[in-house]
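Let me begin by handing over the structure; questions about it come next.
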Amino acid sequence: MLVELLRRSGCEVVCANRTRRTPDEGSFLVDARNAAGVREFAQGCGVVVNCAGPSYIIRDSVAGALPSGTIYVDPFGGSVFNDYDGQCACVINAGCTPGLSGLLARYVARRLDRCVSVTVCSGGREQGGVAGFADVILSTRDGYGYPGQMLVDGAPCPYVKRDGEEADMDSFPSDAEAVHSPFVTDELRNVASAHGIPMLTGMLVIPDRDSLHLLLKAMTSSHTDDPDELMRMFSRIDGSKSRLDAGRENWFALQVSARGYVGNSFRRVGVTVRAQDSSELSSIILAEVVFRCLDIDQLRGVHWGCEFLDPNSVIGSLESSGVTIEHATAHHATETRPDNELVESGFV
């Protein structure tokens, strides 16, 4: 989908694949773990996008192999790039979650004169593929977020449910099987600190407990350093997930809400994005990143997608691509916060 979006917009795109099993007849055979082959493939390219993943395994052989004039773009990346010192500029976490999740947190907070809190809920039942699954799991090896936590004044604290929180998840199916798991990512912590959001809650919506168990199994089994064994293990778990989801409808939702003041009026504002698959959203975000990269001279360093892009431009691109987006505004009489003593003492 990314290739189609870029070519439709007039970009010259060349593709690399590990096999000839691709609809693009002009694709090159490239091993992403072979730095010399990646460097040869990238000659003359302004931007190289990693759609192969996982970043944990191929960061140095892909991003680290590119010449200084080429920009590396990754839909994920996470903390793998914390100590990156390669010569090319990088835009990371430029997919759906992370990426669109942090960008929409910025967007809803900006709609208020004074933001008091933001809630980011994401999840669904979808087929993302082995590479994407591996990317997410491997990013957690060196720390990616804070399970069971929320953010208060920029610091992780034990999650405490707030009054009216159900309204922040009303875009998700009311399914008795669904598991709601508090989790704030490093991306959301950066956004809260950079944009003065006093309280931020993240919530993963997992379709059922069997899916949760497979996720936990992957996380606890991902500490081998053998890349081939890692990918075999992820393939087995992904196969189990595919069998579990067989015959069930795919869905994905990202709902971001903010509470705060417009003048003297306390309000709740929000935006919901729905898709059959989060990879559709990631493709659109990646295309927006590529367009911006091609318009910038002398980009340096590592940039996170949620700060690199303009929220209004991204929302416009999503809508023009046929993605379902809903905006909401509601008035509230009083401001609600969790009990500070509960947050500080660690009791839920």
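The values are calculated or read from the model by the stated rules, or taken from the named source; none is laboratory data. Treat the numbers as computed from the prediction; the structure is a model and nothing was measured. Every residue, glycine as well, gets a Cβ built from its backbone with ideal geometry; the counts of neighbours run over all protein chains shown. Surface areas here come from the heavy atoms of the whole protein model, side chains and all, with no ligands, DNA or RNA. Shrake-Rupley method; radii C 1.70, N 1.55, O 1.52, S 1.80 Å.
Kindly list, by first and then second residue, each pair from a residue in the range 301-316 that is within 21 Å of Thr272 (Cα to Cα) to a residue that is assigned to a loop (DSSP other than H, G, I, E, B) and not aromatic (Phe, Trp, Tyr), limited to pairs with Cβ atoms under 6 Å and residues at least 6 apart or on different chains.
Gly305/Asn93; Gly305/Ala94
Does Asp186 meet the test of being in contact (Cβ under 8 Å) with a residue 60 or more places away in the chain and out of contact with any Lys or Arg (no Cβ under 9 Å at 6 or more places or on another chain)?
Yes; evaluated as a whole, the condition is true for this residue.
Within the range 166-179, restricting attention to residues that are under 19 Å from the mean Cα position of the chain (by Cα) and over 17 Å from Ser117 (Cβ atoms), which residue is surrounded by the most Cβ atoms within 10 Å (Cβ to Cβ)?
Phe172
Out of (1) more than 25 Å from His327 (Cβ to Cβ); (2) without any contact (Cβ under 8 Å) to a residue 12 or more places away in the chain, the odd one out for Gly145 is which?
Gly145 satisfies all of (1) more than 25 Å from His327 (Cβ to Cβ); (2) without any contact (Cβ under 8 Å) to a residue 12 or more places away in the chain except (2).
Further question: Filter the range 180-209 down to the residues that are part of a helix (DSSP H, G or I) and surrounded by 15 or more Cβ atoms within 10 Å (Cβ to Cβ) and list them by number.
Within the range 180-209, Asp186, Glu187, Leu188, Arg189, Asn190, Val191, Ala192 meet the criteria.
Continuing with this model, one more query. Scan Asp74, Asp60 and give me the residue that is over 19 Å from Leu294 (Cβ atoms) and either open to solvent by 10 Å² or more (accessible area, probe 1.4 Å) or touching a strand residue (DSSP E or B) at 6+ places or on another chain (Cβ under 6 Å) (or both).
So the residue among Asp74, Asp60 that is over 19 Å from Leu294 (Cβ atoms) and either open to solvent by 10 Å² or more (accessible area, probe 1.4 Å) or touching a strand residue (DSSP E or B) at 6+ places or on another chain (Cβ under 6 Å) (or both) is Asp60.
Right, something else. Looking for something crowded, with 16+ Cβ neighbours inside 10 Å, of a type in the set (D, E, K, R), farther than 20 Å from Asp210 by Cβ and touching a strand residue (DSSP E or B) at 6+ places or on another chain (Cβ under 8 Å) - is there at least one such residue anywhere in the range 255-265?
Yes.
What's the number of the condition Pro98 fails, among (1) in contact with a helix residue (DSSP H, G or I) (Cβ under 6 Å, 6 or more places away or on another chain); (2) of a type outside the set (Lys, Arg); (3) at positive phi?
If we test Pro98 against (1) in contact with a helix residue (DSSP H, G or I) (Cβ under 6 Å, 6 or more places away or on another chain); (2) of a type outside the set (Lys, Arg); (3) at positive phi, just (3) comes out false.
While we're on this one: Take Glu307 and decide whether it is buried (at least 21 other Cβ atoms within 10 Å of the Cβ) and among the acidic types (Asp, Glu).
No.
Count, please, the residues in the range 311-340 that happen to be modelled with pLDDT under 90, surrounded by 12 or more Cβ atoms within 10 Å (Cβ to Cβ) and among the polar types (S, T, N, Q).
1
Any idea which of (1) modelled with pLDDT of 85 or more; (2) within 17 Å of the chain's Cα centre (by Cα); (3) farther than 19 Å from Val108 by Cβ is the one Leu215 doesn't satisfy?
Leu215 satisfies all of (1) modelled with pLDDT of 85 or more; (2) within 17 Å of the chain's Cα centre (by Cα); (3) farther than 19 Å from Val108 by Cβ except (1).
Any residue in the range 110-133 that is of a type in the set (Lys, Arg) and out of contact with any strand residue (DSSP E or B) (no Cβ under 7 Å at 6 or more places or on another chain)?
Checking the range 110-133: at least one residue is of a type in the set (Lys, Arg) and out of contact with any strand residue (DSSP E or B) (no Cβ under 7 Å at 6 or more places or on another chain).
Go through the range 219-238 and give me each residue that's of a type outside the set (A, V, I, L, M, F, W, C), in a helix (DSSP H, G or I) and crowded, with 16+ Cβ neighbours inside 10 Å.
Matches in the range 219-238: Asp238 only.
Right, something else. Test Leu151 against the criterion of being farther than 30 Å from Ala52 by Cα and in contact with a helix residue (DSSP H, G or I) (Cβ under 9 Å, 6 or more places away or on another chain), and give yes or no.
Answer is yes for this residue.
Arg248: open to solvent by 10 Å² or more (accessible area, probe 1.4 Å), of a type outside the set (Val, Ile, Thr) and more than 28 Å from Tyr107 (Cβ to Cβ), yes or no?
Against the criterion (open to solvent by 10 Å² or more (accessible area, probe 1.4 Å), of a type outside the set (Val, Ile, Thr) and more than 28 Å from Tyr107 (Cβ to Cβ)), Arg248 qualifies.
Of all residues in the range 51-73, how many are hydrophobic (A, V, I, L, M, F, W, C) and touching a residue at least 40 places away in the same chain (Cβ under 8 Å)?
The qualifying residues number 5.
When Gly128 is evaluated against the numbered criteria (1) modelled with pLDDT of 90 or more; (2) within 13 Å of the chain's Cα centre (by Cα); (3) part of a loop (DSSP other than H, G, I, E, B), which criterion, by number, is the only one it fails?
Gly128 satisfies every listed condition except (1).
For the range 24-50, give me each residue that is under 19 Å from Leu286 (Cβ atoms), modelled with pLDDT of 90 or more and either charged (D, E, K, R) or open to solvent by 50 Å² or more (accessible area, probe 1.4 Å) (or both).
none
Is it the case that the range 145-165 has a residue that's crowded, with 17+ Cβ neighbours inside 10 Å and within 13 Å of the chain's Cα centre (by Cα)?
Yes.
Could I ask something else about it? Condition first: of a type outside the set (Val, Ile, Thr) and at pLDDT 95 or above. Now tell me which residues in the range 271-282 satisfy that.
Matches in the range 271-282: none.
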